[in-house]
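Working notes, structure below.
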Amino acid sequence: MLDNETKAQLKQYLELLESDIEFKASLDESEPSNKVREFLTSVCELSSRLTLVESSLNRTPSFEVNQPGQTSGVTFAGLPLGHEFPSFILALLQVSGRAPKVEESVIKTIKKIDQPLSFETFVSLTCHNCPDVVQALNIMSIVNPNISHTMIEGGMYQDEVDEKKVMAVPTVFLNGEEFSSGRMELSTILEKILGSVDISDIDQENPYDVLVIGGGPAGGAAAIYAARKGIRTGMVVDTFGGQVMDTLGIENVIGTPYIEGPQLMNQIEEHVNQYNVDIMKNQRATDIQKNEFVEVSLKSGAVIKTKSLVISTGARWRNINVPGEKEFKNKGIAYCPHCDGPLFAGKDIAVIGGGNSGIEAAIDLAGMGKHVYVLEFLPELKADKVLQDKLYSLSNVTVITNAATKSIEGSDSVEKLVYEDVNTKDQHELNVSGVFILIGLVPNTEWLPDTIDTTDRGEILVDSHGMTNVPGIFAAGDCTNSAYKQIIISMGSGATAALGAFDYLIRQ
């Protein structure tokens, strides 16, 4: 279950334990329990500070991670392997007494929660977004005894997944009721529980030299380049990471043959944190006005002043805007095959979109689903030939071109997709349990004032220095009219915009 290399790495982490750890496990003689028992036994063999004690918990198989004689509130139901293995390691270290790597102000906020909160998170071990949520809720449980959290591995608890109609991961339940679905940061969870995040400790009277809106690759690069000039720099971010957090394998960042999206954005955030940058998380800009300074209004009611501004709000998956799309989001409609694909194992699936993203998703899903239907509006697929060749080699894939999706239907979850043949106007139905929509991106710019020029697609128009038509206001990344939407290009445009802003400031 754990290869020698993994055991060697784990043993190094176990040397960092600050106290003994007891696994309180609920196990029987079933195959899933035997797997969990084998896993825990092999882990315990790596350190004398670890012990396994069998007991009775709410779920079997499951296990708590505690100091002896105490309860941490952290439980794993199933095997914490795959992308959840780091969550398991962090839980061991933090339960043992090693402080989580979060700001002291966040710890104080967690400790303020005075009502009992019982969280349950359904995950897939192939989901790269799930660990963010699991690790955040584990920290909350360790810090505050009023809080508990159980990670539930969906593959081992498929009956419960079906019963609760979990069709996207991570899905979080709080005190038995659905709380959220999708990736969330710790600050987002706290805001959802306690209300808007307080930024009163930020100096809102003195203007920033450069303020960056957005926390993706472009925003991170802009903040780093601005801060390195020694000027006052701030960032307004909804969640740090942006759309890249939904990208699994990245193989075209020059000099880095392979990296996963969350890992890349964690490194960028760590890089930003090396500089004196005010990062205002869980804040969303709602308006921009150019007066003596550029004034950015936030949804929380605050107004941030700055001498120059870089807009890097990125883009999001484009909707198809048909009946059923909103109603069945996370109830059969999904956008990330790596995260949600395993939930549709053995089921019929539709993929809307014949570009690279759609065909890559279809190839991935074909390895899990019973049958995959690919729907493309145009007469032919748009994906690279190598991807098309791979797709057509799969026996459980059907490609349907000239297909206009008309509706997605079902009762509690997706049951069928209705499409129209563009040429004949005949309507057809596909009985599917899941619909993955991958038809491109739309820029997050609908909130901008009319004073900032955009294309008819909403992309911000910028010059070679990254400046918009409004002096002092710059833009970078996928929200602009850049010819190609790529991570490395976004980083470059973020650097360009920050240098352009600095050049603008010294000339004023």
| Within the chain, helix-based [θ] at 222 nm, where runs of 4 or more DSSP H residues each add -39,500 (n - 2.57), nearest 500 | -8500 deg cm²/dmol
| request: Considering only DSSP beta bridges where both residues belong to region 331-450, give the percentage that are antiparallel (nearest 5). | output: 40 percent
| Segments 102-111, 232-241, 479-488 sorted - mean Cβ within 10 Å per residue, highest first | 232-241, 479-488, 102-111
| request: Quote the charge dipole size of the chain about the Cα centre in Debye, to the nearest 20; the model charges only the Cβ of Lys and Arg (+1) and of Asp and Glu (-1). | output: 800 debye
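Percent of accessible area on region 139-212 owned by carbon and sulfur, 1.4 Å probe?
Carbon and sulfur: 43 percent of the exposed surface of region 139-212.
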| field | Hz values of 3J(HN,Hα) by residue in region 56-70 - Karplus curve (6.51, -1.76, 1.60), Gly and Pro given as x | value | 10, 10, 5, 10, 10, x, 6, 8, 8, 10, 10, 6, x, x, 10
| Residue-wise HN-Hα coupling along region 122-129, computed from phi with Karplus coefficients 6.51, -1.76, 1.60 (Hz; x: Gly, Pro) | 8, 10, 10, 5, 9, 7, 8, 8
| task | Summarise the accessible area of region 235-327 (1.4 Å probe, protein heavy atoms) by the percent that is carbon and sulfur. | result | 44 percent
| query | Given that just one value was derived from the coordinates, which of (i) -0.26, -0.49; (ii) -0.19, -0.38; (iii) -0.22, -0.43 is log10 I(q)/I(0) by the Debye sum over Cα atoms at q = 0.05, 0.07 Å⁻¹? | reply | (iii)
| task | For the chain, report the accessible area per residue in Å² (1.4 Å probe, heavy atoms, rounded to an integer). | result | 45 Å²
| request: With a 10 Å radius around each residue's Cβ, average the other Cβ atoms per peptide and rank 352-364, 311-323, 56-68, 447-459, highest first. | output: 352-364, 311-323, 56-68, 447-459
| Gyration tensor (alpha-carbon) shape descriptor, region 196-336, a/c threshold 1.5 | oblate
| message | Quick query: amide H of Gly354 versus all other amide H atoms, modeled in the peptide plane; which residues come in under 5 Å with a sequence gap of 5 or more or a different chain? | response | Phe377, Lys382
| note | Bridge orientation stat for region 1-129 from DSSP, antiparallel percent rounded to 5, came to 60 percent
| note | The rounded separation in angstrom of the Cα centers of region 265-342 and region 443-458 is 15 Å
| task | Output ³J(HN,Hα) for region 151-168: one whole-Hz value per residue in order, computed from phi by the Karplus curve 6.51 cos²θ - 1.76 cosθ + 1.60 with θ = phi - 60°, and x for Gly and Pro. | result | 7, 10, 7, x, x, 8, 10, 4, 4, 5, 4, 5, 4, 8, 6, 7, 10, 7
| message | At a 10 angstrom cut-off on C-beta neighbours, averaged per residue, how do the peptides 21-29, 425-433 rank from highest to lowest? | response | 21-29, 425-433
| What Kirkwood radius, in Å to one decimal, follows from the Cα pairs of region 315-394? | 13.2 Å
| field | Surface share of carbon and sulfur [accessible, 1.4 angstrom probe, percent] for region 411-464 | value | 42 percent
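The values are calculated or read from the model by the stated rules, or taken from the named source; none is laboratory data. Keep in mind it's a predicted model, so treat the numbers as computed, not measured. Please note: Cβ atoms are built from the backbone with ideal geometry, for glycine as well, and neighbour counts cover all protein chains shown. Ligands, DNA and RNA are excluded from the accessible area calculation, which covers all protein heavy atoms including side chains. Shrake-Rupley method; radii C 1.70, N 1.55, O 1.52, S 1.80 Å.
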